[in-house]
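Only one structure is covered here, and it is reproduced in the block below.
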């Protein structure tokens, strides 16, 4: 069975946010509430300042704590290894947001992050929280998988563009924007990455590009100590990707 | 020696019941108005990291107080300690009132409370502590109501079916422990993480239950200590007061141990302890809700003073709310995995709506309690 996963090469990533923008367009996200984000960090003091960044989608963990804590099984893991949210079962308790170590879940009913409040500019129809001009076509939306415009009172997250990858030819090892046969099934963030820092494929297939990259370039996962086992791997020249914490700066 | 007559409070509920009822209706209407007009933006929670706000604090506070009262009630009802008979019924009434107040706030906070009622039991997510908590609270509600009905029909505490009372105690114990596990299991939130939390929650539940029953016994007698039956007064000044002192002492020990260890810890996320001890709320909970009541209830000459009992019970109740707030909110102040654009510590203060919900819950609980006391007295008369 396919186990979809992603590899992000930090030595190639320029932090351009094309992935963030593509994700927002593809998945009808409100500005400021990006399922796929690039986190920027700065360390040190002038003149010795270092800026670093980390692209951060949902990690679609092998052993996801968000799935375990959801009291209604609204958050679940598919057979092909993707963590999704059934919006018809979600009660909005936000325990999954509390339990996600990577901060990748969103509750869109909060106070607006940016002004004007686009939910008022483009008011939603039915129970959709808004109605953006660049909305995903309705036939692609699936409430049972958390795909489409988010309804009110539920939690949402990156789906690995499940409306695309779930239609990929069976048994394919990689979804690559350079391959015409798989381009349309490739997640939006992977497809638009200008320096080609992202790779998407079957982690269980030893011949897939993602498996080879993880093996050859010593791919690492974030926060291994939590036991969540992300299916997103980072290539950082063999080192662990550094996410500087406030504490390390205080004590440094 | 407590007698059956001491089970009959001379409580005239009317002004209390009517006053609490009116205030509940006013706050409820205002809360609905704010929720309808502002939607979820009425809350001060954000996607940055403070996902659970003041309403969840108050819900947990009320729920834990309810199960604490049920645990105290289980001593005479299930264990047959007849000395505690005079307060058994009041504990059950208060447990119902606190439960209703807390659940009402939760229902106003949750986006889909009715969906929770069917989606939780039908999907059997046994890996989630919240699933077990919701399941146990449902069962606890039923058992509590059955216990209350048995008492309301005129049964003496010793006549309540013992299996029912044992089940009540076990469910209360389970809820307090699971409520602790909801936070204690989260390994990447070091402020919360720890196997001791279920035990801490059980102790704090009992502490809240004891404080509430002491305070509201005097409320039931119109804050006129002289009208409280001698047996009940001796109970409050004796076993219950000492038990509360022990519970407060254990609570203080756990709080201080967690604080000192937290301040010494280097891990990311533990810096919130420096912030915590810099807040007046922490000291209000520690000194006002811990040290002062401990002195009152641990000192034999002070413990027997009714007004000191009233003040001590009230301080414990308020201090526990303060402690619950700093525990739940401060545990979310270090943003999880955010970039430089997120502050090192998030800021949160309850919104106007969240305060309205708090008062709505308080007034609803008081209305329910006043109503039950009044009804109970009427029935017995």
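The values are calculated or read from the model by the stated rules, or taken from the named source; none is laboratory data. Quick caveat, the model's predicted, so the values are computed rather than measured. All Cβ positions, glycine included, derive from the backbone under ideal geometry; neighbour counts span all protein chains shown.
Quick look at the values:
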quantity	calculated
Boolean, residue B:186 is part of a helix (DSSP H, G or I), within 14 Å of chain A (Cβ to nearest Cβ) and either farther than 21 Å from residue B:75 by Cβ or in contact with a strand residue (DSSP E or B) (Cβ under 6 Å, 6 or more places away or on another chain) (or both)	no
Of all residues making up the range A:179-191, the number that are over 22 Å from residue A:56 (Cα atoms) and surrounded by 20 or more Cβ atoms within 10 Å (Cβ to Cβ)	1
Of the criteria (1) without any contact (Cβ under 8 Å) to a residue 12 or more places away in the chain; (2) part of a loop (DSSP other than H, G, I, E, B), which one residue A:120 fails	(2)
Hits in the range A:67-86 (condition: facing chain B (nearest Cβ under 10 Å) and touching a residue at least 12 places away in the same chain (Cβ under 8 Å))	A:67, A:68, A:69, A:70, A:71, A:72, A:73, A:74, A:75, A:86
Test: residue in the range B:195-212 that is part of a loop (DSSP other than H, G, I, E, B), under 30 Å from residue B:126 (Cα atoms) and either away from chain A (no Cβ under 14 Å) or at pLDDT below 95 (or both)	yes
Test: residue in the range A:161-178 that is buried (at least 23 other Cβ atoms within 10 Å of the Cβ) and part of a loop (DSSP other than H, G, I, E, B)	yes
Any hit, the range B:276-287, residues being within 13 Å of chain A (Cβ to nearest Cβ) and crowded, with 21+ Cβ neighbours inside 10 Å	no
Residue list for the range A:130-143, filter: within 24 Å of residue A:91 (Cα to Cα) and without any contact (Cβ under 8 Å) to a residue 60 or more places away in the chain	A:131, A:138, A:140, A:141, A:142, A:143
Any hit, the range A:138-146, residues being more than 8 Å from chain B (Cβ to nearest Cβ), within 28 Å of residue A:41 (Cα to Cα) and outside any helix (DSSP H, G or I)	no
Single match in A:97, A:6 (criterion: assigned to a strand (DSSP E or B), closer than 29 Å to residue B:332 by Cβ and at pLDDT 95 or above)	A:6
Subset of the range B:80-101 (residues that are in contact (Cβ under 8 Å) with a residue 24 or more places away in the chain and surrounded by fewer than 24 Cβ atoms within 10 Å (Cβ to Cβ))	B:80, B:82, B:83, B:84, B:85, B:96, B:100
Residue A:232 modelled with pLDDT of 95 or more, within 14 Å of chain B (Cβ to nearest Cβ) and buried (at least 17 other Cβ atoms within 10 Å of the Cβ)	yes
Criterion: at pLDDT 95 or above, within 14 Å of chain A (Cβ to nearest Cβ) and farther than 20 Å from residue B:84 by Cβ - qualifying residue of B:249, B:294, B:308, B:328	B:328
Filtered residue count, the range A:206-225, keeping only those that are modelled with pLDDT of 90 or more and in a helix (DSSP H, G or I)	8
Qualifying positions in the range A:147-160 - part of a strand (DSSP E or B) and under 14 Å from residue A:25 (Cα atoms)	A:147
Selection within the range B:17-46 - out of contact with any helix residue (DSSP H, G or I) (no Cβ under 8 Å at 6 or more places or on another chain), over 17 Å from residue B:112 (Cβ atoms) and not in a helix (DSSP H, G or I)	B:46
Of all residues making up the range B:158-176, the number that are crowded, with 24+ Cβ neighbours inside 10 Å and either in a loop (DSSP other than H, G, I, E, B) or modelled with pLDDT under 95 (or both)	1
Entirely in the range A:13-89, the strands (runs of 3 or more DSSP E) that have 3 or more residues that are under 20 Å from residue A:189 (Cβ atoms)	A:37-43, A:50-56, A:83-85
Output for the range A:29-43, where each listed residue is touching a strand residue (DSSP E or B) at 6+ places or on another chain (Cβ under 8 Å), away from chain B (no Cβ under 12 Å) and either on the phi > 0 side of the Ramachandran plot or surrounded by fewer than 18 Cβ atoms within 10 Å (Cβ to Cβ) (or both)	none
Every residue from the range A:65-109 that is over 23 Å from residue B:46 (Cβ atoms) and out of contact with any helix residue (DSSP H, G or I) (no Cβ under 7 Å at 6 or more places or on another chain)	A:67, A:68, A:78, A:79, A:80, A:81
Positions within the range B:47-86 being more than 9 Å from chain A (Cβ to nearest Cβ) and either in contact with a strand residue (DSSP E or B) (Cβ under 7 Å, 6 or more places away or on another chain) or not in a helix (DSSP H, G or I) (or both), in sequence order	B:50, B:53, B:78, B:79, B:80, B:81
Where residue B:108 falls short, out of the listed (1) within 14 Å of another protein chain (Cβ to nearest Cβ); (2) in contact (Cβ under 8 Å) with a residue 40 or more places away in the chain; (3) over 30 Å from residue B:37 (Cα atoms)	(3)
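Residue-by-condition table, conditions (1) under 15 Å from the mean Cα position of the chain (by Cα); (2) within 21 Å of residue B:113 (Cβ to Cβ); (3) more than 9 Å from every other protein chain (Cβ to nearest Cβ):
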site	(1), (2), (3)
A:94	no, yes, no
A:98	no, yes, no
A:103	yes, no, no
A:113	no, no, no
A:117	no, no, no
A:125	no, no, yes
